[in-house]
1. Based on the Cβ-Cβ distance from SER93 to LEU183, what FRET efficiency comes out when R0 is 30 Å, to the nearest 0.05?
2. Count the lysine pairs in the chain that are 8 or more places apart or on different chains: how many have C-alpha atoms under 30 angstrom apart?
3. Based on DSSP H runs of at least 4 residues, each adding -39500 (n - 2.57), what is the mean residue ellipticity at 222 nm of the chain after dividing by all its residues, to the nearest 500 deg cm²/dmol?
4. Under the 0.36 nm per residue contour assumption, what length would be gained going from the current alpha-carbon distance of VAL21 and ALA239 to full extension?
5. What list of ³J(HN,Hα) couplings, whole Hz, do you get for the range 74-82 from phi and the Karplus terms 6.51, -1.76, 1.60, once you set θ to phi - 60° and write x for glycine and proline?
6. Just to be sure I understand: with springs between alpha-carbon atoms less than 10 Å apart, which residue in ALA48, ALA169, ALA152 has the highest mean-square fluctuation in the Gaussian network model of the chain?
7. What area, in nm² and to one decimal, does the C-alpha convex hull of the chain cast on average over all directions?
8. Which residue fluctuates the most in the chain, going by a Gaussian network model with Cα springs under 10 Å, if the choices are GLN240, GLN105, GLN165?
Amino acid sequence: MHIRGLFTKIWAYTGIIVVSVVIVFLFAFVFWKGGSTITWEFLSTPPAGLVLGSEGGILPAITGSLAFTLTAIVIGAVPAISTALYLVFFCKSRRMESMIHLVIQCIAGIPSIVLGLFSYSLFVRDLNFGRCILSSGIALGIMVLPFIEVRAEKTFRELNPAMIQSAYALGCNKTHTILTVVLPACRGELFSGIILGGCYAMGATAPMIFTGAVAFASNPTSLFEPAMALPLHLYLLVAQGHTSLDMAYGTAFVMMAVILISNVLVTMYARRRQREWKQ
């Protein structure tokens, strides 16, 4: 048993070291290739020039990506968390629970490009939303819904049952217990899952190509207009070849940095909330 435990620790630490080295190498390589282009002008100005990315920066792509991501979070998180609450606290039928889990798994298995094509056919063409942030946000919201729901359900099921039973013993009904005990206690993990889902949506190029992302656009001011996005901008820069490769690496580093910083901050917040509720 001692040898098995030692082997498990060695294997776990080896995995952590390998993953950490790969992440550091990727960031270092991308920054080495595109670090010279990352300036304040690059981050605060729109693209310019006859060739995309030959001049200017990526500000509209940053703001557009944030708009797509926030829309997806709002549209995807509300039904995801509601579904998780229903399954954990209200659903009494095993058949219904299995059916909902099957639907969630099927949604999670849809390729992003197929989801983008479906969203284009329904929201852009049939419902006449047009290519806009809302159409893309709905597509991305559907894509991240299973991601958030699975993590929310896991969080609710791992909550200390004594806290819920204590609330019931004090005469609180189920709805009041969820609003005053369950959601505050799980806030850190829920927020973590939502932000991680938003990071997942930010990097999804295929749905945005069909539904709302464009090559050139100003900073978005409405949900019913198209916008630039970092992954599509990166794809277009790479497609142009060597003329825009430095800009492509700079764009990639900015997107990677945004996702990494978001992950680190939300992880710190979730751990802080866990410590507060354990005290």
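Values quoted throughout were computed directly from the atomic coordinates according to the rules given, and no laboratory measurement underlies them. Keep in mind that this is a model prediction, so the values were computed, not measured. For neighbour counting, all protein chains shown are included, and Cβ atoms are generated from backbone atoms with ideal geometry for every residue, glycine included.
1. 0.80
2. Details: LYS9/LYS154; LYS9/LYS278; LYS92/LYS154; LYS92/LYS174; LYS92/LYS278; LYS154/LYS174; LYS154/LYS278; LYS174/LYS278.
Step by step, the pairs that qualify in the chain add up to 8.
3. Result for the chain, helices only: -23000 deg cm²/dmol.
4. 75.6 nm
5. Rounded to whole hertz, the list is 4, 6, x, 6, 4, x, 5, 5, 4.
6. ALA169
7. On the way: hull surface 78.6 nm².
Quarter of the Cα hull surface area: 19.7 nm².
8. Among GLN240, GLN105, GLN165, the largest mean-square fluctuation in the Gaussian network model of the chain belongs to GLN165.
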